[in-house]
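One structure is given here, and the rest of the page talks about it.
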Amino acid sequence: MGSVPLAHYLALGSALFAVGFAALLVRRNALVVFMGVELMLNAANMTFLAFSRAHQTMSGQAAAFFVIAVAAAEAAVGLAIMIALVRNRNTLNVDEVDTLKY
Amino acid sequence: MTEAMLFYPMALVAIGGALGMIASRNPVHGAMYLVLSFFGIASVYVLLAAELIAALQIIVYAGAIMVLFVFVIMLLNLNEDDLERPRLTPGTIFGGAAALAFWMISFMVFSDLPDQTMPTELPEGFGQVASVGRLIFGPFIVPFESTSILLLVAMVGAIVVAKPRI
């Protein structure tokens, strides 16, 4: 026991990324797929902050700030697309929405 | 001493919440598990001396974004038939195997890394509001202002996409 090495933080980040990736590939509900994308963005943030702490520079924290802002914008547009999807097609299953033009 | 005592339980909370998100059939339960996972991730951010980002994680992610998720789930008014049934197809098996393979490869890479310990001494005010703000409004001013345009475009786009008739 003692201080935690850098590799453990990176391993936590990659584990969270893998779980988000699995949600993206395995689940068919568009909302859960979207939550997986949010989790993958958080895993990237974890890596940014771990290297920021290890190198004692704060540029990684600024990058994490911008990732959070982009995630907020992405969530707003993505959920609007889901509302439009349910209104027009009455489904949330990503397998049923595979045409570009309807 | 305290870092390891806090890191491993909080990492477990983060990964457990994420796995609960995948395993739950109802999207509302999945969203609640994801909030739990975000709280675990935020406490790991505090250990990484990123107090401001940890606070933003709670306010923006666990607060704003997840409330938006739950709000949309309620708005869509899903019934039992809309929930997906767990089934095993080549797609899901391959997807799960690909995610597992990604995790195992990255784990092998990280276990080969030299055992680099985190520096104990940090610059004054590292990760706090004043110093991160000075960085964002100094060298990162152009991306920061671009973010405001991005949020404006996202807001207009969300209204245009979700509105039945413009």
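The values are calculated or read from the model by the stated rules, or taken from the named source; none is laboratory data. Everything numeric in this text was worked out from a predicted model, so none of it was measured. Please note: Cβ atoms are built from the backbone with ideal geometry, for glycine as well, and neighbour counts cover all protein chains shown.
Among the residues of the range B:128-145, not a single one is hydroxyl-bearing (Ser, Thr, Tyr) and either over 30 Å from A:Ser3 (Cβ atoms) or touching a Phe, Trp or Tyr at 6+ places or on another chain (Cβ under 7 Å) (or both). Condition test on B:Pro164, is it of a type outside the set (A, V, I, L, M), within 30 Å of B:Pro27 (Cα to Cα) and part of a loop (DSSP other than H, G, I, E, B)? Yes, satisfied. Just so you know, in the range B:1-52 the residues that are more than 13 Å from the chain's Cα centre (by Cα), among the hydroxyl-bearing types (Ser, Thr, Tyr) and in a helix (DSSP H, G or I) include one that is modelled with the lowest pLDDT, and it is B:Thr2.
Within the set B:Pro114, B:Pro139, the sole residue that is more than 7 Å from chain A (Cβ to nearest Cβ), part of a loop (DSSP other than H, G, I, E, B) and within 30 Å of A:Ala72 (Cβ to Cβ) turns out to be B:Pro139.
Right, B:Gly127: assigned to a helix (DSSP H, G or I), closer than 23 Å to B:Tyr8 by Cα and touching a residue at least 24 places away in the same chain (Cβ under 8 Å) or not? When the stated conditions are applied, B:Gly127 does not pass them. Residue-level check: of (1) farther than 30 Å from B:Asp115 by Cα; (2) more than 7 Å from chain B (Cβ to nearest Cβ); (3) touching a helix residue (DSSP H, G or I) at 6+ places or on another chain (Cβ under 7 Å); (4) surrounded by fewer than 21 Cβ atoms within 10 Å (Cβ to Cβ), A:Val67 misses just (1).
Does A:Leu85 meet the test of being touching a Leu at 6+ places or on another chain (Cβ under 8 Å), more than 24 Å from B:Ile15 (Cβ to Cβ) and more than 7 Å from chain B (Cβ to nearest Cβ)? Against the criterion (touching a Leu at 6+ places or on another chain (Cβ under 8 Å), more than 24 Å from B:Ile15 (Cβ to Cβ) and more than 7 Å from chain B (Cβ to nearest Cβ)), A:Leu85 qualifies. Say we look at the range B:105-124 and pick out the residues that are under 15 Å from B:Glu3 (Cβ atoms) and of a type in the set (Val, Ile, Thr); which of these is surrounded by the fewest Cβ atoms within 10 Å (Cβ to Cβ)? Looking at residues that are under 15 Å from B:Glu3 (Cβ atoms) and of a type in the set (Val, Ile, Thr), I get B:Thr120. Only a single criterion out of (1) surrounded by 14 or more Cβ atoms within 10 Å (Cβ to Cβ); (2) under 16 Å from A:Gly36 (Cβ atoms); (3) more than 7 Å from chain A (Cβ to nearest Cβ); (4) in contact with a Leu (Cβ under 8 Å, 6 or more places away or on another chain) is not satisfied by B:Gly91, namely (1). When B:Phe71 is tested against (1) on the phi > 0 side of the Ramachandran plot; (2) under 21 Å from the mean Cα position of the chain (by Cα); (3) free of Cβ contacts under 8 Å to residues at least 24 places away in the same chain, just one condition goes unmet, and that condition is (1). Look at (1) within 9 Å of chain A (Cβ to nearest Cβ); (2) crowded, with 19+ Cβ neighbours inside 10 Å; (3) not basic (Lys, Arg) and you find that B:Phe102 fails only one, number (2). Would you point out which residue out of A:Val94, A:Val77, A:Val33 is surrounded by fewer than 20 Cβ atoms within 10 Å (Cβ to Cβ), out of contact with any Leu (no Cβ under 8 Å at 6 or more places or on another chain), of a type in the set (Val, Ile, Thr) and more than 7 Å from chain B (Cβ to nearest Cβ)? None of the other options fit; the residue is A:Val94. Per the listing A:Ala54, A:Ala84, the residue uniquely surrounded by fewer than 17 Cβ atoms within 10 Å (Cβ to Cβ), of a type in the set (A, V, I, L, M) and part of a helix (DSSP H, G or I) is A:Ala84.
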